[in-house]
């Protein structure tokens, strides 16, 4: 379990994180090997600890490693990011433009 100072002490390399999802008062950290780590740290706290050049909060319930995004598409008024593993992540309207500019800078 994570400690109050750094919840990633059990994770040797944050590069192994694919995305983090808020779920019923907990956060689920999904790793590249599909292992999931459950934490009671808030997304806000985790967002501050992750490198902002690699991770972005794209929705009130999701932080994602931006390099894993392969596609962004729109269904009606909603946008989703598709990750390399096929996972679909919702993108909030407020974060869409910031994410798109960040992806253009990365590619």
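The values are calculated or read from the model by the stated rules, or taken from the named source; none is laboratory data. Here the structure is a predicted model, which is why all the values come from computation and not from measurement. When we count neighbours, we look across all protein chains shown, and the Cβ atoms used for this are built from the backbone with ideal geometry, even at glycine.
General observations
- Failed item in (1) part of a loop (DSSP other than H, G, I, E, B); (2) over 22 Å from residue 33 (Cα atoms), with residue 95 passing the rest: (1)
- From the options 19, 26, residue that is out of contact with any helix residue (DSSP H, G or I) (no Cβ under 7 Å at 6 or more places or on another chain) and touching a residue at least 60 places away in the same chain (Cβ under 8 Å): 19
- Flag if residue 38 is modelled with pLDDT of 90 or more and under 19 Å from residue 13 (Cα atoms): no
- The set of residues from the range 41-52 being loosely packed, with under 11 Cβ neighbours inside 10 Å and either touching a helix residue (DSSP H, G or I) at 6+ places or on another chain (Cβ under 9 Å) or part of a loop (DSSP other than H, G, I, E, B) (or both) comprises just one member, 51.
- Only residues that are at pLDDT 90 or above and surrounded by fewer than 12 Cβ atoms within 10 Å (Cβ to Cβ) were counted in the range 10-32, giving 1.
Residue by residue, here is whether (1) at pLDDT 90 or above; (2) buried (at least 16 other Cβ atoms within 10 Å of the Cβ); (3) part of a strand (DSSP E or B); (4) more than 13 Å from the chain's Cα centre (by Cα) holds:
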| position | (1), (2), (3), (4) |
| --- | --- |
| 34 | no, no, no, yes |
| 63 | yes, yes, yes, no |
| 70 | yes, no, yes, yes |
| 74 | no, no, yes, yes |
| 79 | yes, yes, yes, yes |
| 85 | yes, no, no, yes |
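- Residue in the range 98-107 that is nearest to residue 18 (Cα to Cα), counting only those that are assigned to a helix (DSSP H, G or I) and free of Cβ contacts under 8 Å to residues at least 40 places away in the same chain: 103
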